[in-house]
There are 6 protein chains.
Amino acid sequence: MIHRKLSEATWREVRAAGERGIALLPIGSQEQHAAHLPMGTDTLLAEEVLDRATALLGREGDVAELVRLPALPFGHSPHHLFAAAVSLSAATLGAVLDDVLDSLATSGYRRIMVVNGHGGNDEMMRLAVKRFALRSDVTVAACSYWTVTAGEGDGERPDVTPGHAGWFETSLMLAARPDLVRTPVPARGPVEPPPLFDNPPYPGLTVERHGEWARVGGSTDDASSADAERGRRLLDARAAGLARAIRAFDAATR
Amino acid sequence: MIHRKLSEATWREVRAAGERGIALLPIGSQEQHAAHLPMGTDTLLAEEVLDRATALLGREGDVAELVRLPALPFGHSPHHLFAAAVSLSAATLGAVLDDVLDSLATSGYRRIMVVNGHGGNDEMMRLAVKRFALRSDVTVAACSYWTVTAGEGDGERPDVTPGHAGWFETSLMLAARPDLVRTPVPARGPVEPPPLFDNPPYPGLTVERHGEWARVGGSTDDASSADAERGRRLLDARAAGLARAIRAFDAATR
Amino acid sequence: MIHRKLSEATWREVRAAGERGIALLPIGSQEQHAAHLPMGTDTLLAEEVLDRATALLGREGDVAELVRLPALPFGHSPHHLFAAAVSLSAATLGAVLDDVLDSLATSGYRRIMVVNGHGGNDEMMRLAVKRFALRSDVTVAACSYWTVTAGEGDGERPDVTPGHAGWFETSLMLAARPDLVRTPVPARGPVEPPPLFDNPPYPGLTVERHGEWARVGGSTDDASSADAERGRRLLDARAAGLARAIRAFDAATR
Amino acid sequence: MIHRKLSEATWREVRAAGERGIALLPIGSQEQHAAHLPMGTDTLLAEEVLDRATALLGREGDVAELVRLPALPFGHSPHHLFAAAVSLSAATLGAVLDDVLDSLATSGYRRIMVVNGHGGNDEMMRLAVKRFALRSDVTVAACSYWTVTAGEGDGERPDVTPGHAGWFETSLMLAARPDLVRTPVPARGPVEPPPLFDNPPYPGLTVERHGEWARVGGSTDDASSADAERGRRLLDARAAGLARAIRAFDAATR
Amino acid sequence: MIHRKLSEATWREVRAAGERGIALLPIGSQEQHAAHLPMGTDTLLAEEVLDRATALLGREGDVAELVRLPALPFGHSPHHLFAAAVSLSAATLGAVLDDVLDSLATSGYRRIMVVNGHGGNDEMMRLAVKRFALRSDVTVAACSYWTVTAGEGDGERPDVTPGHAGWFETSLMLAARPDLVRTPVPARGPVEPPPLFDNPPYPGLTVERHGEWARVGGSTDDASSADAERGRRLLDARAAGLARAIRAFDAATR
Amino acid sequence: MIHRKLSEATWREVRAAGERGIALLPIGSQEQHAAHLPMGTDTLLAEEVLDRATALLGREGDVAELVRLPALPFGHSPHHLFAAAVSLSAATLGAVLDDVLDSLATSGYRRIMVVNGHGGNDEMMRLAVKRFALRSDVTVAACSYWTVTAGEGDGERPDVTPGHAGWFETSLMLAARPDLVRTPVPARGPVEPPPLFDNPPYPGLTVERHGEWARVGGSTDDASSADAERGRRLLDARAAGLARAIRAFDAATR
């Protein structure tokens, strides 16, 4: 199985791959991740999981040619500007996704997958793929890297959310890029009341309160017990899950 | 506890309620619901659940004044235009929500809840409430009526999705507006392959394929076994859940 | 003659009606109407006149099938936000009208009429119908309910404007929804100078001055002499006029 | 009384005039005017009436300093593109008017009048002045040159509409710019049915039908009996009316 | 060779010319030009050069029919609003150019040239012509009047920029419209540091600093030595250059 | 001197650097570069020059802290979609630049430099920095990497343009990333007539013709004589020039 970087391929290679291949677009963010994680955490992790997944596919067989686009390094992070972020508005992010997807269709692609690393991109990513499949004769998939797991046997629930700058992301970064994690990871005591966006007063409710991210200090949970070994297992499971998801998408849409 | 319709209140009543009250905005859709359900199903059900919930609150006590806006009868339904729909684009729906929410803030409201009846509105609703809480000093909640349940004891899982024009919605309509359900409800045999939007090839993946709604005939599952009695219990549980959610939102944001 | 509510019809009924029928879209507003009229006055009156008109047509004969959409309850009311309103910007209202009209064309309609209840919607309504007729092969009509009268014999001048929250609207509300009119209707003395938007310094001039609506207290004229009986005659004349307008539109565009 | 052209004044003169003066903005169009009138008819006539009016004011007294902007030569004429036009979309025209009005406010103007020569600009002009007076502390007026007359005594009804490329406009052009009227002015026989936009099937109804302007040949009425002498009287009455309107606006808003 | 003003031509003449002809669109600005030059300097000079060029062509031969549009009198001048300007935003200017160019294509033109008089319009002009040639089967040219010269022999470097309200523009205005130049032209001493936009700290760098235009008093260089005779030679060279450019464009795109 | 990658820094480091530092934003493109160069050529070269420049600064002294953002990998390339590209529209690119620049200002930066690798981004980059310096109290610089040279002594003219996929870019890629250049580099014979966008019929004219890029095969000149050694010298000169430009910008804006 072949996989290439679009940025390193010539246009004829890109066109040729488009006929049967799948274009892969990682999207991330640049935003505050508390005192110990770097601004680019979401982009780094999306790329890490995607690169591990395609490496697995490389060893496993006959998936169609994969063409990996350069990551969109900026996402929708207005809620992190109170500290620091490089944020696209929802409208701008939607326009970027529309333009990128349309370009791929114009360049011959009929199967595309978006791999997201930032929760705040979720709604615009979903809207973009829905819009795209309505206006073009394509099949398009999207996921956030934490929603695809290796399955029942890996001990990871597929519906877990990664939080923000807490135990989950810190564990993954300790596994993927330990050089970028400032140590010791600071402990974050309980915040009272806990943030409404993360702890809605009733299940099923989405609640947003002005100034909430600043009030709780920029992270959802305590990261001080993060663990590189557990991070490695989580990363492996996500990479394996994403590899299987790519294969399943390929099989379902050939 | 007082609840009023904004459309029937004078502006001074609306202003006075804004100081401590909660504005409630139902949003729905007008779109094909297979051969047996009316175009306005989503709007009707969102209003039904909301009206039952506020009636429960009326009997139960001290919640702050509730001001119910007229429902936005149109939603984001481009995927149903292959049959019939009155659809707002995502950008238009977002603009409507922004304008309505800003108007409420200008008119003195600091607490607002959006109650949705149409899955296709979900992303824009979430984006709108996030945007709103960033630009205004408000607390704002959103839910789709099916995501709030009466809790563990009601035998209903909070994460069930209502599908489209299938068993769930038909049961609710048989309970709420049986006069509008065409009978006998037609059976819908299995579709092969099942729709990718409802049956992604791998868990955690969102997949959209061009022409999929038309291919599967406009509904997600067989509605012929829908049941008015079960519909009543589902409606009651959603109304009870929404009433509790409103009370919890009130308590958390006073 | 058949008339239906789009929200209560199935999509096949909506499609079938579209071939020869006329879609009817009422639009209104939610905005301050002085101390005695409800926020939804304009929407209520547009719906009242339209429902009376279609009832007359029901008794009168062979007009093509009429399909009445749910009213758009929000209009363009930025000038009433000083008190209270739920207002769409002109751009948003235009986008909503474009999307609704395009949806109707996509769903098979070639003849559409918009019935307006709020003066502030007038320009965007006119622009929307002009734009629509340029981009689609349709015939589209628009009116504000007060511009169509039963004709010479009814003693009502067709060019009268209803003012805002004054004698005209209060009389109509006393006839249509007396339960929603707060009594006694407060008297409004003369304002000096009178509002420029209503009393331009030279005939033929449109004049707008910053803060004018707040300065004059939110209404155009004294409503205290409003009269239910006169309101009934005005309503009847408008309903009869609209019924004739619908018949004439049908005849001219078959 | 002073009047100047903004394009010929230095910025200090423009600023100084802004304190007490009135800015005057003519807007027109470039669009087909049948076989005998030039594309720029609407712009030419708006400028002609405005220049005659300011000349009258120059002779009559104490009006505040008038600063005349260069005419916006392009208007909203999509309905004339079937033949030939240079048309701005409604959104573009609105953006131009917003930008021009905001620039004038930034440059110190508090009183502005728009003088229009093209019916198709009417809605956007009205919306623009309303929007402007809401966002800035200004008083702003607008008219189309044919809506202001010298009054009762001039034998001209103030509510007459000029039609398009018919008797009215041709008479005015024979008076103002006879060199640009191709003669003999062609006769235009009756069109059956007459255009719906000009002859709605019921009074008070606005009706637009796809392709109507092309069907009726691009004019509203027969121009062959147009008359230079009558055109002179009409022009004089409009110029006198506009001069009085400017004086009245000045007096009401000082 | 024929040249006409579009505003004075009938639509049939405009259409007929479109088949083989070239449409010419001058664009300018209204903005502060220091204490001695009028607001409309850029528009006046673009028109002056264009009219001289077409007059030369009229005497010189067989160029295709030229159709000159009325000048767009407003440009993109936000940096001059600190003093006085009538400025379109970049988005508005782009929309105007798009609409005008599209109208010309719809009206039959395949060859168009934009002649600019204001440096601040440059980027939007370039973008507009690129966009236009991508979406329509046209050939389109653009220049600023100072970038086309009569060639090597005229002693003028083609890459000179006119600055703003300095020696270059003042000399041209003394030649073209001496009545509009206030004299004596005030001297402008050296500004320290010189404006970054005009004197970047390193060659090849574009630098913009907040408040820079106000700091340096609104002009780029000393105009007090401006010279009508030199202005005449510069104007003649630009007109001759533009005439040759039009002929060359015609020859290359027939 | 310190330089960091924003994506690898924590938000506190990013904030701290913002007080005195300079943010550096590389922007590029993904677009066809003939048969021998990769799609990402422009992004790769912008990053290469920027990284070499900051490395030089690292050895040379006291420049303020530099914070390098991740490159925006996509640019405005609609003219390359005939072959293959991932292109943002001009409006989208402008929105991305606005959002990124605003985010940097919100995060505390007052000095920012954009380093561009793609000619097609030039206009939007210039507009974005101008807009930004008008709305925020910042100083902002922009360049394309080929416009800054080491100066007179390096034998390179600062005004040379790199063409597209020709001798210049191929030489640089042979120096920077020889592994990505397909060899032998194909020869491109003369195209008759040469492309109008690169060879305007008269100096000073910008000309765009529909379909021109496809007609000439996607490159501006013959790359077959490209030369790694010359590429190295060109790269070195650009890196040295950019380093000096950064130092000069720092010195001028402290």
Highest-MSF residue in chain F out of F:Gly163, F:Gly28, F:Gly231 [GNM, Cα springs under 10 Å] = F:Gly163
Using the C-alpha atoms of the protein assembly as shown, what convex hull volume per residue, in cubic angstrom, is computed?
-> 183 Å³
Select from C:Leu127, C:Leu97, C:Leu88 the residue whose mean-square fluctuation is largest in a Gaussian network model of chain C (Cα-Cα springs shorter than 10 Å).
-> C:Leu127
Quick one: what are the phi-derived ³J(HN,Hα) couplings along the stretch A:193-204, Karplus 6.51/-1.76/1.60 with θ = phi - 60°, whole Hz, x for glycine and proline?
-> x, x, x, 4, 5, 9, 10, x, x, 8, x, x
In a Gaussian network model of chain B with springs linking alpha carbons closer than 10 Å, the residue among B:Ala128, B:Ala34, B:Ala16 that fluctuates most is B:Ala16
Pull up all non-local amide H partners of F:Val114: gap of 5 or more, or a different chain, and H-to-H distance under 5 Å with H placed in the peptide plane.
-> F:Leu25, F:Ala141, F:Ala142, F:Cys143
Which distance in Å, rounded to a whole number, links the C-alpha centroids of the stretch C:116-138 and the stretch F:63-135?
-> 39 Å
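Just from its helices, what would the mean residue ellipticity at 222 nm be for chain E, if runs of 4 or more DSSP H residues each count -39500 (n - 2.57) and the sum is divided by every residue, rounded to the nearest 500 deg cm²/dmol?
-13000 deg cm²/dmol
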Within 10 Å of the Cβ of an average residue in B:104-114, the count of other chain Cβ atoms is 3
Amide H to amide H under 5 Å from F:Gln30: which residues, 5+ apart in sequence or cross-chain, H placed 1.01 Å off N in plane?
-> F:Gly75, F:Val86
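Give the dimensionless ratio obtained when the Cα radius of gyration of chain A is divided by 2.2 N^0.38 Å.
In units of the globular-protein estimate, chain A measures up at 1.02.
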Under a cut-off of 24 Å between alpha-carbon atoms, report the lysines in cross-link reach of D:Lys130, not counting same-chain residues fewer than 8 places apart.
-> C:Lys130
For the stretch B:1-117, restrict the atom set to alpha-carbon positions and state the Rg and Dmax in Å.
-> 15.5, 47
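Throughout, read-outs are computed from the coordinates displayed, never taken from laboratory work. In this text the structure is predicted, and so the values were computed from the model without any measurement. A quick note on method: Cβ atoms are made from the backbone with ideal geometry, for glycine too, and the neighbour counts reach across all protein chains shown.
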